[in-house]
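Enquirer: This structure is in structure tokens; I'll ask about it shortly.
The values are calculated or read from the model by the stated rules, or taken from the named source; none is laboratory data. All values derive from a computational prediction rather than experimental measurement. Here Cβ is always computed from backbone atoms with ideal geometry, including for glycine, and neighbour counts include all displayed protein chains. For the accessible areas, the whole protein counts, side chains as well, though only heavy atoms, and no ligand, DNA or RNA atoms are used. Shrake-Rupley method; radii C 1.70, N 1.55, O 1.52, S 1.80 Å.
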Amino acid sequence: AIEPEYIDQMKHLERQTQIRKKILLGMYWGRLYGGAAGVILIKGQNDLSQPLEMDTVMPGSFLGLQILDRWNGVYPEGELVTDPEDKDYGLPAYYTIRDEETGHMMARVHHSRVIRFIGRELPWIEQVTETYWGESEIEAIYNEVVRRDNVAGNIAALTFRANINYM
């Protein structure tokens, strides 16, 4: 059982960091764009290129998440995680955060500081093509609508042709 004082602290932290809102935003953008990232912000750990060491995170130092979508702000680098024991094995080891207006690199972020939100899972080769992100839900729905529209058009053409042949 969790002590009531800790529950109050967790509720305060949840409100202060708006963590539920940020996670929902990451999920929305991940599904809409095929990928988004939540950068974990910890007070006193300004060098985001270093791995996140949970032992060094002090109580009260969690500042929340910065959510960025795959098209505007966060870009996977080419180097991949090669340790098979790492939960991110086979995914990018670092991400670059850029200012979209100026194009300047703002930070290089180690993968352990990134929570990935992806859209639909893709087969491996397509995932590599999409720089290790997923497929947008909108893209999948759009492709299905186009297929159904094509089928309806073909049925109409065949019906017309059958009427002409019958005449």
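Enquirer: For the range 127-142, name all the residues that are under 19 Å from L32 (Cβ atoms), open to solvent by less than 60 Å² (accessible area, probe 1.4 Å) and assigned to a helix (DSSP H, G or I).
Expert: Within the range 127-142, Q127, E137, A140 qualify.
Enquirer: Just give me the residues in the range 92-114 being open to solvent by 30 Å² or more (accessible area, probe 1.4 Å) and either touching a helix residue (DSSP H, G or I) at 6+ places or on another chain (Cβ under 7 Å) or in a loop (DSSP other than H, G, I, E, B) (or both), in sequence order.
Expert: Scanning the range 92-114 gives Y94, D99, E100, E101, T102, G103, H104.
Enquirer: A further question on this structure: Of the residues that sit in the range 115-126 and are out of contact with any Lys or Arg (no Cβ under 6 Å at 6 or more places or on another chain) and assigned to a loop (DSSP other than H, G, I, E, B), which one is farthest from Y28 (Cα to Cα)?
Expert: Once the filter is applied, the top-ranked residue is P123.
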